[in-house]
Amino acid sequence: MMLVGASELVERIKEEAKEEQERILREARAQVEELVKNAKADIEERKKRFIEAESRKAAENKERIIRAKRLDAKKFRWDVEEKAIKRAFEEALKRVQRVKEEGFRGKSYPGILAGLIKDAALSITAGSERSSSSSSSELELEVVLSAEDAQFVTEEMLKEISGEVGCEVRLSKERIKTVGGVIVRRSDGRIEVNNTFEERMKRLYPGLREDIVKVLFRAREE
Amino acid sequence: MNLRVMAVEALKEIKKAEEEARKLVEEAKEEAAGMVREAEDELKKLEAEASEDMERRAKEIADKYAKEGEDEGEAILREAKEEAEKLRAIAESRLENAVEAVLVRILGLNMQAGR
């Protein structure tokens, strides 16, 4: 048997302990609940941001793949164009032989050579007049050709050209290797115009290329 | 029992109750700490699972977009090849005109016509 006051005190201690126990567990449960809730929300948020970032990266990669393929696609067209342009130049040079035999657009090969000689001679006389006080009648020009082309040039032709350009134009003994065409130069060697077909092709390349592109590809698109 | 003995007994009971109360609170604290530890372990697992899930989904997304890119790219290439083939045929059919255009200029016929 205990004292009355002591018994109540024991009961109160037990009650308070029970309350404290419940409070501790309640707070722990709440803490756990909050911890889990926050952690899950954090995980979900990180997942969302990660997936968004990965989606952006993947979409960029997709665009990169497509851009690379588009570039390859452009290369197909470019390749076809370049091959066709190259072929047109090669065929034109090959065709020169036929021009020598059959002429071109109603013009004989000697006539074509005469035109090139005259054009070169006029350029030289014009250049000579600009650069010196000597008149063109004092000038002497020589025509250099391949052995094959030399047979197309006659004395009469050169005499006629001489008359037209106003200075003496004569055939050089020197022979060059060329598909065709002429080199005309002053006898003193100070000015030379190279009208061989290879050289003209090089010189006229940018314009010729544009012409070829127009003929081969643009007509369809226009 | 005399009063002195009763008082000693009462004190013993109070002490015992206090000891039990202290143990109860101590156990509650341990249980609470255990609950937090368990939750933290569970969250670690969740974290690891989420990590695996993210890696898996990232790979799925990357594969899906890469396949789309490859498919679209292949379609572009197919179309370009067909287009290039048509272009090649057209260029071939117009080669003669292009050769003539080159010849007119390298033979100097354009300047002769101009004079």
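Some observations on this one:
- Bridge orientation summary for the protein assembly as shown: considering DSSP beta bridges with both residues in this region, about 65 percent are antiparallel.
- Relative to the current alpha-carbon distance between A:N61 and A:Q151, full extension at 0.36 nm per residue lengthens the span by 25.7 nm.
- Each principal axis of the Cα cloud of the protein assembly as shown was evaluated for its coordinate range; sorted largest first, these ranges are 167, 48, 31 Å.
- For q = 0.19, 0.20, 0.24 Å⁻¹, Debye-computed log10 I/I(0) when each Cα of region A:158-222 counts as one equal scatterer: -0.84, -0.89, -1.08
- Summarising the amide proton neighbourhood of A:G181: residues at separation of 5 or more, or on other chains, whose placed amide H is nearer than 5 Å comprise A:F197.
- Buried surface between chains A and B: roughly 6700 Å² of accessible area, summed over both sides, computed with a 1.4 Å probe on protein heavy atoms only.
- FRET E, pair B:R22, A:E52, Förster distance 41 Å, beta-carbon r, rounded to 0.05: 0.15
- Residue by residue, region B:100-110 carries 3J(HN,Hα) couplings of 5, 4, 5, 4, 3, 7, 6, 7, x, 6, 5 Hz when phi is fed to the Karplus relation 6.51 cos²θ - 1.76 cosθ + 1.60 (θ = phi - 60°); x denotes Gly or Pro.
- Using the Cβ-Cβ distance between B:E74 and A:L35 with R0 set to 45 Å, the FRET efficiency works out to roughly 0.30.
- Here chain A is treated with +1 on each Lys and Arg Cβ and -1 on each Asp and Glu Cβ, and its dipole about the Cα centre works out to around 620 debye.
- Its alpha carbons give region A:35-115 an Rg and a Dmax of 32.4, 101 Å.
- Point-charge dipole on Cβ atoms (K/R +1, D/E -1) for region A:15-120, about Cα centre, debye to 20: 1700
- When the Cα convex hull of region A:82-182 is projected onto planes of every orientation, the mean area is 8.0 nm².
- Förster radius 41 Å - calculated FRET efficiency between B:K81 and A:K107, Cβ distance, rounded to 0.05: 0.45
- Near A:I112, once Lys and Arg are set to +1 and Asp and Glu to -1 for all other residues with Cβ below 13 Å from its Cβ, the sum equals +4.
- Stokes-Einstein translational diffusion, chain B - Kirkwood Rh over all Cα pairs, 1.002 mPa s, 20 °C, in µm²/s: 87
- Gap separating the Cα centres of region B:45-63 and region A:35-81, nearest whole Å: 16
- For B:Y65, solvent-accessible area (1.4 Å; no DNA, RNA or ligand), Å²: 60
The values are calculated or read from the model by the stated rules, or taken from the named source; none is laboratory data. Treat the numbers as computed from the prediction; the structure is a model and nothing was measured. Counting neighbours? That spans all protein chains shown, and the Cβs are built from the backbone with ideal geometry, glycine included. Accessible surface areas use protein heavy atoms only, side chains included; no ligands, DNA or RNA. Shrake-Rupley method; radii C 1.70, N 1.55, O 1.52, S 1.80 Å.
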